[in-house]
Amino acid sequence: MFETLRLETQGITKTYGHLHALNDASFDLRVGEVHALLGHNGAGKSTLVKILSGVVHPDAGSVRIDGEEVSPRNPRHAQDLGVALVDQELSLVPVLTVEENLRLGARRAVSSSDLRTLLDTLGLEHVKLTTLTGSLPIGEQQLVEIARALSRDAKIIILDEPTATLSEPEIDRVFAAVRRLAAQGKSVIYVSHRLGEVLTLCQRATVFRDGKVVGTKNVADLDRAGIVEMMLGHLPEFRTGSEVRTPENPQHISIRGLAIPPRVPTFDLEVQGGVIVALAGQVGCGASEVLRALAGLVPNSRGDVELGGVKLSLGSAVKSRAAGVFFSPSDRKEEGLFLTHSIVDNLVATRLPRVSRGGFIQKSLQEAVVSKLLSLTGIARERRELDVGVLSGGNQQKVLVARGIDQPNSKVLLFDEPARGVDVGGRADIHELIRGAAEQGNVVIFHSTDLDEVFDLADVIVTMFAGRLVNVRTRAESTPAAVLTDMTHGEGEISA
Amino acid sequence: MSTVNDVTPSRFSIGGMSTGQKITILVTILFLAILIFATVTTTGFYSVQNFKAIINAAALVGIIAVGMTYIVISGNLFSLSVGTTAAVCALTFMWALRFGLVGGIIITIVFGAVVIGLQGLLVGFTGANPIIVTIAAGALQEAVAIWISGGVSVYPPDNGPSFAFLASPLFGIPFPVYVFVAAVILGEIFIKKSRFGRGLYLMGESPRAGRTAGLPITRLTTGAFVVAGVCAAIAGILIGAFNQSGTMTASGTLTVDSISAVLVGGTAVIGGRGSVVRTAIGAIVIASISDLLLLRGYSTPVQLLVLGVIVTAVVILSYLNSERAGRS
């Protein structure tokens, strides 16, 4: 039974203009299999997912489900064919109840008790069907989203980065659910950047690069390095040792008694410029709130924050900005980038005064800033007038991070999940940009839920759990196990 | 870095044109077709005299619509009281002429900028809904104006300065037309080239992204409304000069007409895109169609009906365009 093919694609090609998003891609999915799709942002895996779920139509090639040739016309038709997509972006309606969301757009009747069972199997026993979806934590909303796909009785379930915003216990629940589905004979396509997850969860992996299928392998025959090599075509170099930055004029921030109701009762931290500090914690640990408060985006935050001895008044984004604080949000689409504006417009959006004289934008000043940032990010010059919305996630994120760096008046740079949903290569580029900013003497504080990222980028690791600071250690004295323990459990005294 | 899969289709790149550009082109084609049809079938349409009448009719609405464009691009929907403010400004101008012509003009413009700017301040600072704020402000202005003026027309002081040139032709073209052209050129350059204008476009697309990028949201919103106030005041001065008096009934359909001009021009209702020049085209198209209907003997209700149909069509068109893209 395991060898029976559920889905088979042959020679799928999709071009946008002269760009091959997918070139002659062939792929198959067995009954009862969890199959990983891996690759860079822009390597072609999302295009395949969109084709299978009816969002995009291929230029050439065939799709067979259970041996029968099909062409999903739209997401609804794909649903009828037994394909369900759980997108990485939440598509739940916050003001509807959990039950209403589960039933939204459903093509067949499901009893409330079946929905109840479904939630229970995902570890959502404590969530009532009548709860407003928007009142649930993001991680639980993600599980509801998965429950919705499952309620459609799909044969093929596509999970696109399902764990990106989840905490460890939530991830375990998703894994358990996925394994149970596979055991029931469903087929799961699992798109993820987290190689560790792929190695634990999937049976086979198909790797994409530059719109082509590099190969499909049994996960049992693969290790981390092997997958990365297939994705990149070469092995990346991991950072070793601790580099010491000695900027000329290091900035300094002192945070005392920062309170951000309701999540963070109190937070203290001192950071010297040139040092990169990670706030490591799961979703909901309070790190995001700390960064947002420093950026002036939380109106009711209080506390003593001093930049180089000068008091920062909290609660005004304009004042924080003027004081030299720059913040890069985790949600690049909702509150980070101006999607219908060009790369150029986005890059200078945070430094309009610097590229203006007498109230008017000066092309020459703008050009100088943009040229430098484009060369730092490695984004091709010809693309500068493209809308940011059409770029891949990785390049969007580069633009977002680049907006904050290389500003003469900057003192503190805050990055919330700086490499969210970005592939290995893009992440390395982004980390390089952030290190460059630290070298210039800026205080750099970032929040990440991802251990790899924390250990790759940080000099000092601050762990957070449930709104409190757990531990402060240099990277040299930290071990992944210790950090992960802090992030997932806190310390006895704190979790009590 | 691989970039092969980087460009995905979206509403912003279909056929290399934005929704707004497509609407502008469609409107222009429709407009040319109407012009040809009108020239062939309607006596009196194809004449210098009539074109002057059209452009003159477009001028007053057009000047107000220039300011409205700033509000729409800033992402704050519309002001529903600019027409009222224009009428109040006509009153103010008649009264303020006692301080001389220049004094009267300056006082009126400052007055208009403050009245509408305060609404912008309220919207920007509290995040209040601009539609509600401007409806309320419109009612307030009307009430206060009628209360102070006693509900009758305001006439200029007997020994006041002459302002006749504001309403008379210069080189055969009515003075308001020059003001309209100047407002469009200055308005377009300012919104496209200035730091303030750039901020408006960015904030209009996403106020949340604007806030995190450190854009001064309150100041930008207030600024957009101030521009609208200046434009409404200038229109008010010209209206007062033309009528040689100020009366609240002068507001008429100015607000609705100026919103129509912005929409027909193809500026996105949701903000962040559009241009002043497009609005000018919209104003001229609407004036031409009204003129044509008038020449063919259709009554005011029919003219309103046609205007309504055009605006609705434009709204549906832009909705369809953004809907189709929303999925990808």
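Nothing in this text is a laboratory measurement; each read-out follows from the coordinates by a stated rule. As the structure is a prediction and not an experimental result, all values here were calculated from the model. Backbone-built Cβ (ideal geometry, glycine too); neighbour counts: all protein chains shown.
For labels at B:Ala139 and A:Arg354 in the simple 7 Å Cα→Cβ model, what's the distance in nm?
4.8 nm
Given that compact globular proteins tend to follow 2.2 N^0.38 Å, what is the ratio of the alpha-carbon Rg of segment A:302-451 to that value?
For segment A:302-451, the normalised Cα radius of gyration comes out at 1.03.
Please sort A:70-76, A:342-348, A:124-130, A:428-434 by packing, taking for each peptide the average over its residues of neighbouring beta carbons within 10 angstrom, highest first. Present the calculation step by step, with values, prior to reporting the outcome.
Details: A:70-76: 15.9, A:342-348: 22.6, A:124-130: 14.3, A:428-434: 19.4.
Highest-to-lowest ranking by the protection proxy: A:342-348, A:428-434, A:70-76, A:124-130.
Taking Rh as the Kirkwood radius computed over C-alpha pairs, what is the Stokes-Einstein D of segment A:5-232 at 4 °C in a medium of viscosity 1.567 mPa s, expressed in µm² per second?
72 µm²/s
Once you have the alpha carbon radius of gyration of the protein assembly as shown, what is it after dividing by 2.2 N^0.38 Å, with N set to its residue count?
Taking N as the residue count of the protein assembly as shown, the ratio is 1.08.
As a footprinting exposure proxy, order A:Lys14, A:Lys311, B:Lys192 by other Cβ within 10 Å, with the fewest listed first.
Ascending Cβ contact count within 10 Å gives the list A:Lys311, B:Lys192, A:Lys14.
Say the dipole of segment A:5-232 comes from +1 at the beta carbon of Lys and Arg and -1 at that of Asp and Glu; which of A:Val49, A:Val144, A:Ala78 then lies farthest toward its positive end?
Farthest towards the positive end: A:Ala78.
May I ask what percent, to the nearest 5, of DSSP beta bridges between residues of the protein assembly as shown are antiparallel?
The answer is about 60 percent antiparallel.
When the Debye formula is applied to the Cα atoms of segment B:220-319, each taken as the same point scatterer, what base-10 log of I(q)/I(0) results at q = 0.24 Å⁻¹?
Log-scaled intensity ratios, in q order: -1.33.
About the Cα centre, and with charges only on the beta carbon of Lys, Arg (+1) and Asp, Glu (-1), how big is the dipole of the protein assembly as shown? Nearest 20 debye, please.
2100 debye
Using mean Cβ contacts within 10 Å as the protection proxy, how do B:140-153, A:414-427 order, highest first?
A:414-427, B:140-153
Once you average over the residues of B:192-198, how many Cβ atoms of partner chains fall within 10 Å of each Cβ?
6
When the Karplus curve 6.51 cos²θ - 1.76 cosθ + 1.60 is applied with θ = phi - 60°, which whole-Hz ³J(HN,Hα) does each residue of segment A:363-371 get, with x for Gly and Pro?
3, 5, 5, 4, 4, 4, 5, 5, 4
Kyte-Doolittle cut-off -1.0, length cut-off 18 Å along the helix's own axis using Cα: show which whole DSSP H helices in chain B pass. Each step should come with its number before you reach the end.
Numbers: long enough: B:19-41 (32 Å, 1.91); B:48-73 (34 Å, 1.70); B:82-96 (20 Å, 1.55); B:101-126 (37 Å, 2.26); B:130-149 (27 Å, 1.62); B:175-193 (27 Å, 1.66); B:217-243 (39 Å, 1.68); B:276-295 (28 Å, 2.02); B:300-326 (39 Å, 1.30).
For chain B, where a helix must reach 18 Å along its axis and average at least -1.0, the hits are B:19-41, B:48-73, B:82-96, B:101-126, B:130-149, B:175-193, B:217-243, B:276-295, B:300-326.
Add -39500 (n - 2.57) for each DSSP H run of 4 or more in the protein assembly as shown, then divide by its residues: what number comes out at 222 nm, to the nearest 500 deg cm²/dmol?
Rounded to the nearest 500, it is -15000 deg cm²/dmol.
Got a sec? How would B:Leu170, A:Leu90 order by Cβ neighbour count within 10 Å, fewest to most?
Taking fewest neighbouring Cβ atoms as first place, the list is B:Leu170, A:Leu90.
What fraction of the DSSP beta bridges in segment A:252-495 is antiparallel, stated in percent and rounded to the nearest 5?
55 percent
What length, rounded to one decimal in nm, is gained on full extension from B:Ile189 through to B:Phe125, with 0.36 nm per residue of separation minus their alpha-carbon distance?
20.3 nm
Determine ³J(HN,Hα), in whole Hz, for all residues of segment A:199-214 in sequence, where each value follows from phi through the Karplus function 6.51 cos²θ - 1.76 cosθ + 1.60 and θ = phi - 60°; x replaces Gly and Pro.
So the J values, rounded to whole Hz, are 5, 7, 9, 9, 8, 10, 9, 10, 9, 10, 8, 6, x, 10, 7, 6.
Could you name the lysines whose alpha carbon sits less than 22 Å from that of A:Lys212, not counting residues in the same chain fewer than 8 places away?
A:Lys14, A:Lys45, A:Lys50
Quick one: which residues, 5 or more positions from A:Arg204 or on another chain, have an amide H under 5 Å from its amide H? H modelled 1.01 Å from N in the peptide plane, none for Pro or chain starts.
HN-HN under 5 Å from A:Arg204: A:Val34, A:Ala36, A:Val219.
Give me, ordered by chain and number, the residues 5 or more places off A:Arg209 or on other chains with an amide H under 5 Å from its own placed amide H.
When sequence neighbours closer than 5 places are left aside, the close amide H contacts are A:Val214.
From the Cα gyration tensor of segment B:58-97, with a ≥ b ≥ c the square roots of its eigenvalues, which class applies: rounded if a/c is under 1.5, or else prolate if a/b is larger than b/c, or else oblate?
prolate
Compute the Cα gyration tensor for segment A:66-135, then decide on rounded, prolate or oblate, letting a ≥ b ≥ c be the square roots of its eigenvalues: rounded whenever a/c is under 1.5, prolate when a/b is larger than b/c in the other cases, and oblate in all that remain.
It comes out prolate by the Cα gyration axes.
Using only the alpha-carbon atoms, how far is helix A:480-489 inclined from the longest principal axis of chain A? Give it as 0 to 90 degrees, nearest 10.
So the inclination is approximately 80 degrees.
Considering only the other residues whose Cβ falls under 12 Å of the Cβ of A:Val271, what net charge follows from Lys and Arg at +1 and Asp and Glu at -1?
My count for the surroundings of A:Val271 gives -3.
In peptide A:345-351, how many Cβ atoms from other protein chains are near each Cβ within 10 Å, on average?
Partner Cβ neighbours, averaged per residue: 4.
Enter the mean number of other protein chain beta carbons within 10 Å of the beta carbon of each residue in A:336-343, as an integer.
Per residue, the number of nearby Cβ atoms from other chains is 6 on average.
Could you work out the local net charge near A:Arg152, counting Lys and Arg as +1, Asp and Glu as -1, over the other residues with Cβ closer than 9 Å to its Cβ?
+2
I need the shape label for chain B. Rule: rounded when a/c is under 1.5, else prolate if a/b > b/c, else oblate, with a, b, c from the alpha carbon gyration tensor.
It is oblate, given that a/c is not under 1.5 and a/b is not larger than b/c.
Helix A:112-121: angle to the longest alpha-carbon principal axis of chain A, degrees 0 to 90, nearest 10?
60 degrees
With +1 on each Lys and Arg Cβ and -1 on each Asp and Glu Cβ, and nothing else charged, work out how big the dipole of segment A:5-232 is about its Cα centre, in Debye to the nearest 20.
Here segment A:5-232 has a charge dipole of around 360 debye.
Give me A:His77, A:His447, A:His20 ranked fewest to most by other Cβ atoms within 10 Å of their Cβ, as a rough exposure proxy.
Listing A:His77, A:His447, A:His20 from fewest to most nearby Cβ atoms yields A:His77, A:His20, A:His447.
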